[in-house]
Amino acid sequence: MSGHESTYEPKTGFEKWLDTRLPLPRLVHDSFVDFPTPKNLNYWYTFGGILSIFLVIQIVTGIVLAMHYTADVDHAFASVERIMRDVPYGWLLRYVHANGASFFFLAVYVHMFRGLYYGSYKAPREVLWILGCIIFLLMVATAFLGYMLPWGQMSLHGANVIVNLFGAIPLVGEGIKTWLLGGPSIGNATLQRFFSLHYLLPFVIAGVVILHVWALHVPGNNNPTGVEVKDTRKDTVPFHPYYTVKDGFAIVVFLLIFAAFVFYMPNVLGHADNYVEADPLVTPAHIVPEWYLLPFYAILRAITFDIGPIDAKLLGVIAMFAAIAVLFVVPWLDTSRVKSMRYRPVARQFFFGFVAACLLLGWVGASNPDDPIIPLGSDKLVVEYSDENGLAAARTFEVYDEAAAFRDGLGEEAGASMAVQKAPAFTFLHLGQILTLYYFAYFLVILPLLGLRERPDEEPDSIHKSVLAREPSAGTPIAQPAE
Amino acid sequence: MTDTPVTDAHDDIDEDRRNFIHIVTGMAAAGGVAVIAWPLIDQMNPAADTKAASSLDVDISKVPEGGEIRVLIGGQPFFIRHRTQAEIASARNANTQSLRDPQTDEERLVPTPDGAYNPAILVTSGVCTHLGCVPVGPAQGNVGDYGGWYCACHGSHYDTSGRIRKGPAPSNLPVPDYRYVSDTVINISL
């Protein structure tokens, strides 16, 4: 923490010499060795460390893959296949990079939900939170750009859907689209600039991560009680060895799960269509983004209605970007003075509802919006024909044979045709609309109002006392059943 | 040592002159940044060779009746469809007033060199106006509920004139800028 005195003592002559010129060892010592850290951090707090490891994994494997990749529409797909088949350990590097992106997002979502649960965005950590939101936005951009590079069917058509969103912007949309693509449609110019930016952005992320850690070390860590450190001696432990070991253990467990995916199911998170080379004349029947962007895709597709002069398409785009933008202002939307939801019994229920809504939005994003979840009746067959007076008429049937017999029984002049009439149903679209409403209501209505109305539970006096209260032998005696 | 020389030195400063220099320096720096930024921004626009490859001659006599061919110009797909008499009739008989994007079939054709219309040949963009997927048509065995094209991405149905009839797409498949070079060759440009 900023108020904390440096305990670094240069021992060797070289360390003393360097300390008066570039005190880098002192910075590392004070930031990652003797940094006072709340003693009650649980495993949800290890995901920051996990994320930093994954940033390194992605940058290292990415640099190596770029040595073999060719950013050209005629060669990109083949160069990726060559990496998979011919380059020594190329298959491993690519599977680590592709699955690494998924696990990077898995970790960042856990990290973000943890921040939302324990109120880590509240004063004095607003800047820390906003920097995190910027990193998330950069991650989304990097992942989107990277998904184009294998030049598969999903690369091309997925990117097409997203780039066309910019076309929905009034007046300047088409110009922006052409400028982004470097031509009338996605082509070689697009692939080359996407590659260039995909290589650049991770280093921008690394830069913002440094600011993120700096903004963390000024106020110090939040903790599961949300109560600030009051007495450094009683409430904190040094970062090393206590949290280097705890983070290290979590990193190893997370990497084990990651390895299971890399070695045993490397394609389970991907899409088979991306192993078909991009063809601008054939769109895959079902375009879906990677799983980690599905909730935002579901929000985009949930808006099927116009509001005033804004049409549904533009409105969907606005909603999708607003879903990320709203995160930036959470520190000012949550009006409660209590940080941790441990002591907010009502808010906690809404929070778990929010997590469920995000997961369900992912399911909706992966599904066809018109497919029924709960059918209300069964599909029917409608035979349309002209009756003896030449007027349009229609009859509805439940069974195909009856409908076909009726149609065939009509004369040639009746011009009969048969079509399926879908039964009314509660579809994925409806579910997506309800969940989208809840997503925005959580931030814009529930958090602001609940902070004013909710009666929170009593917070502990200090981190120290909350830890003791959980250890009956050390704290106040608690009745135990006789053994 | 007295403080007189120090105050004297400050009295000599002409604040207006100094502000003027600050503003002019700032403006020159901003202008310099803008001049350097513009090439960096404009380089992302379509290059000259990309723009040059933006039109194509297509022989329409090879399109089978009831079928279509698909061509790419600058990576963008276009449909050239040879419509049957029944398809032309259904395109003409539609009640255009009730459509989302009202257009008659004739408005979606261009005249041949002799000024007549050739309703058998319909040329449209091959990009769904919803989110840019390529709809399927007769060659793929699905023409949607209205006999034209069907976009499988989000379920837009187009009729035999390429007009949007059902689904989320906001407008008809656009008719590109094209002209009849002869009775059997058209030139499509972006």
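Listed by Cβ neighbour count within 10 Å, with the fewest neighbours leading, B:R179, A:R407 appear as B:R179, A:R407. Ranking B:L131, B:G66, B:G141 by how far each Cα lies toward the positive end of the dipole of segment B:50-189 (charges on Cβ) leaves B:L131 at the top. Each part gets one Cα centre, and for segment A:421-456 versus segment A:339-368 those centres are 10 Å apart. Restricting segment B:88-149 to trypsin sites (Lys or Arg not before Pro) that sit in a DSSP loop and have at most 14 other Cβ atoms within 10 Å of their own Cβ leaves B:R100. Cross-link partners for A:K11 among the aspartates and glutamates, with Cα-Cα distance under 18 Å and sequence neighbours closer than 8 places in the same chain left out: A:D19, A:D30, A:D34.
Please give the helix A:153-166 orientation as an angle from the longest Cα principal axis of chain A, in degrees from 0 to 90, rounded to the nearest 10. Long axis of A:153-166 versus the principal axis of chain A: about 90 degrees. Other residues within the sphere of radius under 14 Å centred on the Cβ of A:E5, judged by their own Cβ, net out at -1 (K and R +1, D and E -1).
Mean per-residue shielding of peptide B:50-57 is 2, counting Cβ atoms of other chains within 10 Å of each Cβ. Helices meeting the span-like rule in chain B (full DSSP H runs, Cα extent of at least 18 Å along the helix axis, mean Kyte-Doolittle score of -0.5 or higher): B:15-42. Of all DSSP beta bridges confined to the protein assembly as shown, the antiparallel ones make up roughly 100%.
Axis of helix A:345-366 versus longest Cα principal axis of chain A: the two differ by about 50°, to the nearest ten degrees. Taking the C-alpha atoms only, the angle from helix A:428-441 to the longest principal axis of chain A is near 30 degrees.
Ordering of A:106-115, A:372-381, A:291-300 by packing is A:291-300, A:106-115, A:372-381, highest average first (other Cβ atoms within 10 Å, averaged per residue). Listed from fewest to most Cβ neighbours within 10 Å, the set A:T436, A:T178, B:T184, A:T396 follows the order A:T396, B:T184, A:T178, A:T436.
Remark on B:I121: its backbone amide H falls under 5 Å from those of B:R83, a criterion applied only to residues 5 or more positions apart or on other chains, H modelled at 1.01 Å from N. How many angstrom lie between the C-alpha centres of segment A:64-124 and segment B:96-157? Each part's Cα centre sits 40 Å from the other's.
For segment B:83-190, the set of GluC sites (Glu not before Pro) satisfying both a DSSP loop assignment and a count of at most 15 other C-beta atoms within 10 Å is empty. Taking B:R83, B:R165, B:R18 as the candidate residues, the one with maximal mean-square fluctuation in a Gaussian network model of chain B, Cα springs under 10 Å, is B:R18.
Could you work out, residue by residue across B:67-74, how many beta carbons of other chains sit within 10 Å of that residue's beta carbon, and then give the average as an integer?
Details: counts 0, 0, 0, 3, 1, 5, 2, 4.
Per residue, the average neighbour count from other chains is 2.
Candidates A:A414, A:A403, A:A143 compared by Cα position along the dipole of the protein assembly as shown: farthest toward the positive end lies A:A143, with charges placed on Cβ. Restricting the GluC sites (Glu not before Pro) of segment A:373-478 to loop positions (DSSP other than H, G, I, E, B) with no more than 11 neighbouring Cβ atoms within 10 Å leaves A:E388, A:E398, A:E458. Since only A:M265, A:P238, A:L293 are under comparison, the one whose Cα sits farthest along the positive direction of the charge dipole of segment A:212-359, derived from C-beta charges on Lys, Arg, Asp and Glu, is A:P238.
Nothing charged except the Cβ atoms of Lys and Arg (+1) and of Asp and Glu (-1): what's the magnitude of the dipole of the protein assembly as shown about its Cα centre? Round to the nearest 20 debye.
That gives a dipole near 1820 debye.
The numbers here are math on the coordinates, done by the rules we state, and not lab data. A quick note: this is a predicted structure, and the numbers were derived from the prediction, not measured. All Cβ positions, glycine included, derive from the backbone under ideal geometry; neighbour counts span all protein chains shown.
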